[in-house]
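Here's the structure, in structure tokens; my notes come after.
Each value in this text was obtained by applying a stated rule to the coordinates, not by laboratory testing. Remember, predicted model here, so these are calculated numbers, not experimental data. Quick reminder, even Gly has a Cβ in these numbers, built from the backbone with ideal geometry, and neighbours come from all protein chains shown.
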Amino acid sequence: MPEAWARRAHMDAAGYDAAVARVEADPEGFWRDVAGRLDWIKAPSQIKDVSFDKADFHIRWYADGVLNVSANCLDRHLPHRADDVAIIWEGDDPADSRKITYREAHEEVCRMANVLKSQGVRKGDRVTIYMPMIPEAAYAMLACSRIGAVHSVIFGGFSPDSIAGRIKDCDSRFVITADEGLRGGKIVPLKMNVDLALTSCPGVEKVLVIRRTGAHWLEHGGRDVAYEPLRDAASTDCPPEPMGAEDPLFILYTSGSTGKPKGVLHTTGGYLTWASWTHELVFDYRAGEIFWCTADVGWVTGHSYIVYGPLANGATTLIFEGVPNYPTTSRFWEVIDKHQVEIFYTAPTALRALMREGEGPVQKTSRKSLRLLGSVGEPINPEAWLWYHRVVGEGRCPIVDTWWQTETGACLVSPLPGATALKPGSASKPLPGVKLQLVDAEGVVLEGAVSGNLCLTDSWPGQMRTVYGDHQRFFDTYFSTYPGKYFTGDGCRRDEDGYYWITGRVDDVINVSGHRLGTAEIESALVGHHVVAEAAVVGFPHDIKGQGIYAFVTLNVGVAATEELRGQLVRWVRQEIGPFAAPDVIQFAPGLPKTRSGKIMRRILRKVAENDLTNLGDTTTLADPSVVDDLVKNRAGA
Ligand code: 6R9
């Protein structure tokens, strides 16, 4: 670790040890101080009130505190930073970019909040946001938080069916969208997707349509409203609604091991405390620095590290509409030079794709402004880490490999620049106050250098509070496998230095290009096709995407297994869930390997998909062992 880092960092190695000791000795005092970084209308006197036990299960942080998230992200910066840039927007087309000061962002958010109110949105209402990566996406989130509405952002790559499911699940009566999106020179028909989704959502009363491309859109009278005329007429003054710390802030749907996505619910005080604190600590953020997280706001990474964390800290956050390879594969590095980005945070899948292009596209740019690099979304393989460090960061920028989940709100495990010596491929150590534990399949606690299932034995302020509308499911999913602990669903190794190495999911969730997908979701889409009798989906190692999607499909009797049908099924899944869920491989199988009780033995399917055929394990418990021979014989050339 370079000397200079240890000198300047918010937390050096001794500071880290001291923080870990203090949170043990005085948790109330420690967590009270952390929350003190926010502006509270009423400071909390109750700090932590948590039990993971079944009989008395509850998670509350700062429960009697009162605050407003948008006021923390905007208003409180106005006295000393109104003319600083809050948002740099870089459009899909390199000729398109814009800077928005804190004063302007505040005005825009107030206007949008007033428009939402004029359309009938009230405190507690759920508002669905389906937007391209334009500043208005952030305004929409902040406008909701300003008036106490609960946003549910849906990634712009999701299909009409997926949108409809999410709208219905949280009973959302309002949608904010744009005419079209623009990514990599291609049009994304957002409003059209919303129209299709809403054919099955009669509960939606208003759709606010923001102009991005200026394309014509079909107006459903009484329901659809063009945003700009209302914005122009709206006041730039909108007092922030005082919110209880445990009032809901947002819902974000994420895939689990069962079919239906879960509405992960985060609340106001604990979430913002965590997003803001980790943004400062992990990225060693300093006032005035330019921070670029390349995620989409439709994922949790975009929520916490494009919008809430950076803006709560008064940073300049960069919102990028485009993709890494448009118009050329130098785009990321050109944007870094153009806007003098200091902190850059991206996903291993993007790095692996860019690595394939060689060093040329990187080296023709300067990147002198960079001082810190981050990685998120999936394990980063050491080759990609070393390339990121050597080629992108020219050996001078530390890399923070940040492990966390939609459920955790923001980072839990990460090196701290200036405190932690780096090991390529390891997310290293938990943040102070984060209590990790490795357990075996039976829940026996494992000590020392060992691999196991990653759990947390205690809460942290940014923890999700419930699955929207299904508190029982929240408990069952995360707290019932190992009683008294939160189970992450991830496998992990701890080395002799106490560093953590996340190895990937141990449940039926796969991670495709950093997108989290439940295999059950893809299976249920496939089975929804009229020719499909049964389907089983597993992940397999993929050079660029991390994991690819391998689907075993049994067709109805009499249906011919043709190449054309294969293509049709891939298109079907794209249409049912979204393009990123399209299977890479479909293998037609007359039968799937099942136990006598009818359970599909995924272990065997994974081996076939991975082409690890020498070690299929015990197949004698199968109802019909001969199906395995067929699977192996007809293995698709993945
Ligand atoms: C933030 C985010 C969560 C899952 C998580 C794990 C994987 C995320 C990682 C990582 C290894 C990292 N994951 N960061 N694995 N190293 N640095 O990605 O949230 O979309 O909910 O995914 O992603 O498997 O359980 P989410």
Practice problem: Treat every Asp and Glu Cβ in the range 371-528 as -1 and every Lys and Arg Cβ as +1, leave all other atoms uncharged, and give the resulting dipole magnitude about the Cα centre to the nearest 20 debye. | Solution: 600 debye
Quiz item: So how far apart, in nm, are the two label points at I187 and K54 if each is 7 Å from Cα heading toward Cβ?
Solution: 5.6 nm
Exercise. Enumerate the aspartates and glutamates that K607 could reach by cross-link, defined here as Cα to Cα under 15 Å, with residues fewer than 8 away along the same chain left out.
Key: D508, D618, D629, D630
Quiz item: Which of S304, A245, H216 sits closest to the plus end of the dipole of the chain, meaning its Cα is farthest towards the positive end, when Lys and Arg get +1 and Asp and Glu get -1 on the C-beta?
Solution: H216
Quiz prompt | For the range 1-141, alpha-carbon Rg and Dmax in angstrom | solution = 20.3, 59
Quiz item: Which cross-chain or sequence-distant (5 or more) residues have an amide H under 5 Å from the amide H of Y468, H modelled 1.01 Å from N in plane?
Solution: G263, V264, L265
Practice problem: Treat every Asp and Glu Cβ in the range 493-581 as -1 and every Lys and Arg Cβ as +1, leave all other atoms uncharged, and give the resulting dipole magnitude about the Cα centre to the nearest 20 debye. | Solution: 200 debye
Quiz item: Which ³J(HN,Hα) values in Hz, rounded to whole numbers, follow from the phi angles of the range 340-349 under the Karplus curve 6.51 cos²θ - 1.76 cosθ + 1.60, where θ = phi - 60° and Gly and Pro get x?
Solution: 6, 5, 9, 10, 10, 10, 9, 10, x, 4
Practice problem: Report, in cubic angstrom per residue, the convex hull volume of the C-alpha atoms of the range 246-355. | Solution: 124 Å³
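When the dipole is taken about the Cα centre of the chain, and only Lys, Arg (+1) and Asp, Glu (-1) are charged at their Cβ, what size is it in debye, to the nearest 20?
Charge dipole of the chain: 340 debye, to the nearest 20.
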Self-check item: the range 498-608, Cα convex hull volume normalised per residue, Å³
Solution: 120 Å³
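As an exercise, use a Förster radius of 60 Å and the Cβ-Cβ distance of V225 and T503 to find the FRET efficiency, rounded to the nearest 0.05.
Numbers: r = 48 Å, r/R0 = 0.80.
The pair V225/T503 has a calculated efficiency of 0.80.
Let a ≥ b ≥ c be the square roots of the eigenvalues of the Cα gyration tensor of the range 89-241; is it rounded (a/c under 1.5), or, if not, prolate (a/b larger than b/c) or oblate?
Values: a/c = 1.62, a/b = 1.05, b/c = 1.55.
Verdict is oblate for the range 89-241.
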Quiz item: How high is the FRET efficiency from E359 to K423, r the C-beta distance, R0 30 Å, rounded to 0.05?
Solution: 0.80
Quiz item: What list of ³J(HN,Hα) values in whole Hz, one per residue of the range 223-239 in order, does the Karplus curve 6.51 cos²θ - 1.76 cosθ + 1.60 (θ = phi - 60°) give from phi, with Gly and Pro shown as x?
Solution: 9, 8, 9, 6, 6, 4, x, 5, 4, 4, 8, 7, 6, 8, 10, 8, x
Quiz item: Which net charge results for the neighbourhood of F283, defined as the other residues with beta-carbon distances under 11 angstrom from its beta-carbon, given Lys and Arg at +1 and Asp and Glu at -1?
Solution: -2
Quiz prompt | Of K54/K435; K42/K429; K364/K545, those spanning more than 29 Å from alpha-carbon to alpha-carbon | solution = K42/K429
Quiz item: For the range 189-291, what is the largest minus smallest coordinate of the Cα atoms on each principal axis, given in angstrom and ordered from greatest to least?
Solution: 48, 43, 29
Quiz item: Taking amide H positions as placed 1.01 Å from N in the peptide plane, with prolines and chain starts having none, which residues 5 or more places from V127, or on another chain, fall under 5 Å of its amide H?
Solution: V150, H151, S152
Exercise. Can you find, among T258, S70, A140, the residue farthest towards the positive end of the dipole of the chain? Put +1 on the C-beta of Lys and Arg, -1 on that of Asp and Glu.
Key: A140
Quiz item: Each label point is 7 Å from the Cα along the Cα-to-Cβ direction; what then is the distance between the points at E496 and R635, in nm?
Solution: 3.6 nm
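Please compute the length gained on full extension between R98 and D33, using 0.36 nm multiplied by the number of residues separating them and subtracting their Cα-Cα distance.
19.8 nm
Sort the following peptides by mean Cβ neighbour count (other Cβ atoms within 10 Å, averaged over residues), highest first: 173-179, 421-427.
Values: 173-179: 25.0, 421-427: 18.3.
Most protected by this proxy first, the peptides run 173-179, 421-427.
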Practice problem: Could you give the spread of the C-alpha atoms of the range 348-444 along their three principal axes, from largest to smallest, in whole angstroms? | Solution: 52, 27, 23
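What does the net charge come to around K364 if you take all other residues with beta carbon closer than 15 Å to its beta carbon, with K and R at +1 and D and E at -1?
Numbers: positive: R331, K338, R367, K368; negative: E334, D337, E357, E359, E394.
Within the 15 Å Cβ shell, the charges total -1.
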Quiz item: What residues have an amide H closer than 5 Å to that of D284, excluding those fewer than 5 places away on the same chain, when H is modeled at 1.01 Å from N in the peptide plane?
Solution: none
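Any chance you could run the full-extension gain for D237 through Q46? It's 0.36 nm times the residue separation minus the Cα-Cα distance, nm to one decimal.
On the way: separation 191, 0.36 × 191 = 68.76 nm, distance 3.21 nm.
Extending this stretch completely gives an extra 65.5 nm.
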Quiz prompt | For the chain: Kirkwood Rh in Å [reciprocal of mean 1/r, alpha carbons] | solution = 25.4 Å
Exercise. Using the charge dipole of the chain (Lys, Arg: +1 at Cβ; Asp, Glu: -1 at Cβ; taken about the Cα centre), state which of H279, V445, V413 has its Cα farthest towards the positive end.
Key: H279
Quiz prompt | Whole-Hz couplings from phi, Karplus 6.51/-1.76/1.60, listed for the range 76-83; x for Gly and Pro | solution = 6, 8, 4, x, 10, 9, 4, 9
Quiz item: Can you work out the FRET efficiency for the pair T614 and D440, with r the C-beta to C-beta distance and R0 = 35 Å, to the nearest 0.05?
Solution: 0.85
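Taking square-rooted eigenvalues a ≥ b ≥ c of the alpha carbon gyration tensor, is the range 144-220 rounded, prolate or oblate, where a/c under 1.5 means rounded and, failing that, a/b exceeding b/c means prolate? Intermediate results must be reported in sequence, preceding the final value.
Values: a/c = 1.59, a/b = 1.40, b/c = 1.14.
Prolate is the answer for the range 144-220, as a/c is 1.5 or above and a/b outweighs b/c.
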Self-check item: Length released on extending from E447 to V557, taking residue separation times 0.36 nm less the Cα-Cα span
Solution: 34.4 nm
Quiz item: Under the Cβ-under-4.7 Å rule, which cysteines of the chain stay unpaired?
Solution: C73, C144, C170, C201, C293, C397, C411, C455, C492
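How much of the calculated P(r) for the range 122-162 lies past 17 Å, in percent of all Cα pairs? Walk me through the numbers before you get to the answer.
On the way: 248 of 820 pairs.
Here the long-distance tail beyond 17 Å is 30 percent of all Cα pairs in the range 122-162.
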Exercise. Take each of the peptides 325-331, 95-101, average the number of other beta-carbon atoms within 10 Å over its residues, and list them starting from the highest.
Key: 325-331, 95-101
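Restricting to the chain, compute how many DSSP beta bridges are antiparallel as a %, nearest 5.
Working: 60 of 100 bridges.
Looking only at bridges with both residues in the chain, the antiparallel portion is about 60 percent.
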